[in-house]
Amino acid sequence: MKKILVVFAHPALQKSRVNKVLIEGIKQIEGLTLHDLYEVYPDMDIDVEREQKLLEAHDVIIFQYPFFWYSSPALLKEYIDIVFQHDWAYGRKGNALKDRLFMVATTTGGNKQTYCPEGSNNFSIKQLLAPLEQTATLCKMKYLPPFVVHGTHSITPEEIQEHKIIYFKLLTELRDNITDNSIFSQFECINNYYGQYE
């Protein structure tokens, strides 16, 4: 059984329609650690050694956050900047995260059609997440396609529940090593594997 770390960053969780439901859905998964950065570090004073030990203790690392200005919330960016140190996460001696699975779970206000060359956002989610994909590559992690919930301002409560069920299923399958990860890599978003957004 793989141990999963969800590094969660949402600066306004009380206003969340979707992330709040997603994290409630996964809290009871055995072997999963939910690590809420804004709860642990309200002053943004990150304990680097503590965070590195936490990452080292898990096999699957998931960054979950709402998509903010085509990037992540500020605290998650700060976390990457100071925790993923040279000769720890990358560099000649930097093998601490080697072979761990890495995935982004994110939500967008805009619908899927806006995230393509013809849409108002001009780029796909895959393209916009390229810096995190390259971070994973640099750190010798195995990058999985993202889990994405689009249209958070307009989807129905029933649709949110569908995403919650699929996210739970995905994480338990990753934990139990049920699915060959190379199958996931065929999809732009991992949701497509479960029949969403096709």
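The values are calculated or read from the model by the stated rules, or taken from the named source; none is laboratory data. Bear in mind the structure is a predicted one, so any value in this text is a computation, not a measurement. Reconstructed Cβ throughout: ideal geometry from the backbone, glycine too, with neighbour counts over all protein chains shown.
The conditions of being modelled with pLDDT of 95 or more and either small (Gly, Ala, Ser) or over 17 Å from the mean Cα position of the chain (by Cα) (or both) are met by Glu30.
In the range 135-168, what residues are in a helix (DSSP H, G or I), more than 14 Å from the chain's Cα centre (by Cα) and within 19 Å of Lys77 (Cα to Cα)? Selection gives Thr137, Leu138. Whether any residue in the range 100-119 is closer than 24 Å to Asp36 by Cα, in a loop (DSSP other than H, G, I, E, B) and over 14 Å from the mean Cα position of the chain (by Cα) is what I want to check. There is at least one residue in the range 100-119 that is closer than 24 Å to Asp36 by Cα, in a loop (DSSP other than H, G, I, E, B) and over 14 Å from the mean Cα position of the chain (by Cα). In the range 75-82, the condition of being in a strand (DSSP E or B), buried (at least 18 other Cβ atoms within 10 Å of the Cβ) and out of contact with any strand residue (DSSP E or B) (no Cβ under 6 Å at 6 or more places or on another chain) is met by no residue. Here Asp176 meets each of (1) within 17 Å of Val60 (Cα to Cα); (2) of a type in the set (Asp, Glu); (3) touching a Lys or Arg at 6+ places or on another chain (Cβ under 7 Å) with one exception, condition (3). Cβ-Cβ below 7 Å, separation at least six or inter-chain, first residue in the range 120-146 and over 21 Å from Glu173 (Cβ atoms), second part of a helix (DSSP H, G or I): which pairs? Listed by first residue and then by second, the contacts come to Ser120/Thr114; Asn121/Thr114; Thr135/Ile80.
From the residues in the range 176-198 that are in a helix (DSSP H, G or I) and within 15 Å of the chain's Cα centre (by Cα), which one is modelled with the highest pLDDT? So, considering only residues that are in a helix (DSSP H, G or I) and within 15 Å of the chain's Cα centre (by Cα), the one modelled with the highest pLDDT is Ile190.
If we scan the range 83-103, do we find a residue that is polar (S, T, N, Q), within 21 Å of Tyr167 (Cα to Cα) and either in contact with a Pro (Cβ under 6 Å, 6 or more places away or on another chain) or surrounded by fewer than 16 Cβ atoms within 10 Å (Cβ to Cβ) (or both)? No, every residue in the range 83-103 fails to be polar (S, T, N, Q), within 21 Å of Tyr167 (Cα to Cα) and either in contact with a Pro (Cβ under 6 Å, 6 or more places away or on another chain) or surrounded by fewer than 16 Cβ atoms within 10 Å (Cβ to Cβ) (or both). Quick one: is Leu144 modelled with pLDDT of 95 or more, exposed (fewer than 15 other Cβ atoms within 10 Å of the Cβ) and under 19 Å from Asp99 (Cβ atoms)? In short, no. Put simply, of Tyr70, Tyr41 the only residue that is touching a residue at least 24 places away in the same chain (Cβ under 8 Å), in contact with a Leu (Cβ under 6 Å, 6 or more places away or on another chain) and not basic (Lys, Arg) is Tyr70.
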